[in-house]
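Since the structure comes first, as structure tokens, the remarks are kept for the end.
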Amino acid sequence: MAFDKMELRDIEVWDGNFAAAQAMRQAQIDVVAAYPITPSTPIVEGYAKFLADGYVEGEFVMVESEHAAMSGCIGAAAAGGRVATATSSQGFALMVETLYQSSGMRLPIVLNVVNRALAAPLNVNGDHSDMYLGRDSGWIQLDAYSPQEAYDLNFIAFRVSEDHDVRLPCMVHQDGFMTSHTAQGVKTLTDDVAYGFVGEYKPMNDMLDLDHPVTHGVQTEEDWHFEHKARQHNDLMTKVMPKIQEVFDDFEKLSGRKYNIVEGYDMDDADVAVVCMGTSVETAREVAGEMREKGIKAGVIGIRVFRPFPFMEMAEALKGIKAIAALDRSSPNGAPGMLFNELSGVLFSQKSDAALSGYVYGLGGRDLTKAHLVDLYNELQANADAGKVLTPLQQFIGVRGPKLSFL
């Protein structure tokens, strides 16, 4: 597919929510069913205004809950429409039942998730609790670190999700307030180029194709349920990575912006590395550069594709690293952090001698400061020098009071 880079527009100053709303407009969605919730409200609010002002053709359906919002999306997608919506936190939690339904029926829905803490206590600020909650729902999950990426990844999500070899729903995550409400320069595409990249929607197995009747929402018990989950859905998820990479490559040809399944920064000669997601990646990159000036060969790995988990890509990225920190922005509630567990499996399978430690940070919107990361990199260097973890395997950083850790 040939693209003309000269079709790019000027830089616009957008926050992550507006960037996502613009991408949804340019994708020419047929149905958005939504129940707004902070901090994702401006996405569906913005799309509704585009519709009211005559910039898009389609249907915007206000429903009574987030469960109903995804249920409406499921119905519209099953009927053969291009469908999207947005949510956060408690709304996402209310959607969970329907998330499994949409992935099990292989409906290519795009869901913008503006990450926010889960109650109780109630909190409207960002962490990754809702992202982690959705990890086993059968959805593809992409993670944006900035408004630019929230914009770009929406187009990529539609392309991947709607591919007839994939046909799985896809989430695009961005950090609540830190990305969703922070304005930055965004290099945009013209409407024609954006829609040309996403492509005309081509339904498959839609309920309104009366010449080819299908059934959605079927029931399977012990006779076929195992095969459906293991042979169809799980096997399909293992084949998603090459398709994502293919679409990443196409988008680079279009825009000049390169995306990788695992993003590595200063990793070529790194001895120590931080693995994280969201806006923390940019902060860690800045501190890693400063630590290199002090003689510590520091690197950063950002996870772009959270599900399916990039197991082998992470193994390759971590090869030769002496000490690694897994940063989890979600409370483990009595267990090691999810990212820590995932990386433990990667390192164990590769018989790695790397010293892996876990850090829980930023819950409920608490800042991850450069000072926190300076201390963390110094701890990693000490672990690398000792050839083992000298600190607790799992600790909390940035929490007030005495140092908190377990394991």
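The values are calculated or read from the model by the stated rules, or taken from the named source; none is laboratory data. Bear in mind that the values here come from a model prediction, so they are computed numbers and not experimental data. Ideal geometry is used to build each Cβ from the backbone, glycine not excepted, and the neighbour counts take in all protein chains shown.
Is there a residue in segment 57-68 that is buried (at least 18 other Cβ atoms within 10 Å of the Cβ), without any contact (Cβ under 8 Å) to a residue 40 or more places away in the chain and either outside the structural domain of T38 (by TED's automatic domain parsing) or among the acidic types (D, E) (or both)? Among the residues of segment 57-68, at least one is buried (at least 18 other Cβ atoms within 10 Å of the Cβ), without any contact (Cβ under 8 Å) to a residue 40 or more places away in the chain and either outside the structural domain of T38 (by TED's automatic domain parsing) or among the acidic types (D, E) (or both), which makes the answer yes. Tell me yes or no: at least one residue of segment 211-218 is at pLDDT below 95 and part of a helix (DSSP H, G or I). The answer is no; no qualifying residue exists.
If you go through segment 65-80 and keep only what is touching a Pro at 6+ places or on another chain (Cβ under 8 Å) and not aliphatic (A, V, I, L, M), you end up with just G80.
Just to verify a result, which residue in segment 8-66, among those that are among the hydroxyl-bearing types (S, T, Y) and in a helix (DSSP H, G or I), is nearest to the chain's Cα centre (by Cα)?
T41
Yes/no matrix, rows are residues, columns are (1) modelled with pLDDT under 90; (2) within 17 Å of Y100 (Cβ to Cβ); (3) surrounded by 13 or more Cβ atoms within 10 Å (Cβ to Cβ):
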residue: H225; (1), (2), (3): no, yes, no
residue: A230; (1), (2), (3): yes, yes, no
residue: N234; (1), (2), (3): yes, yes, no
residue: T238; (1), (2), (3): yes, no, no
residue: I244; (1), (2), (3): no, no, yes
residue: L254; (1), (2), (3): no, no, yes
residue: G264; (1), (2), (3): no, no, yes
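Residues that are acidic (D, E) and closer than 18 Å to R116 by Cβ do not occur anywhere in segment 17-34.
Residues in segment 300-352 that are small (G, A, S), farther than 17 Å from V281 by Cβ and modelled with pLDDT of 95 or more: A315, G320, A323, S344, G345, S349, S352.
The set of residues from segment 354-381 being touching a residue at least 40 places away in the same chain (Cβ under 8 Å), of a type in the set (A, V, I, L, M) and assigned to a helix (DSSP H, G or I) comprises L363, L373, V374, L376, L380.
Of all residues in segment 111-165, those being farther than 21 Å from P203 by Cα and in a loop (DSSP other than H, G, I, E, B) number 20.
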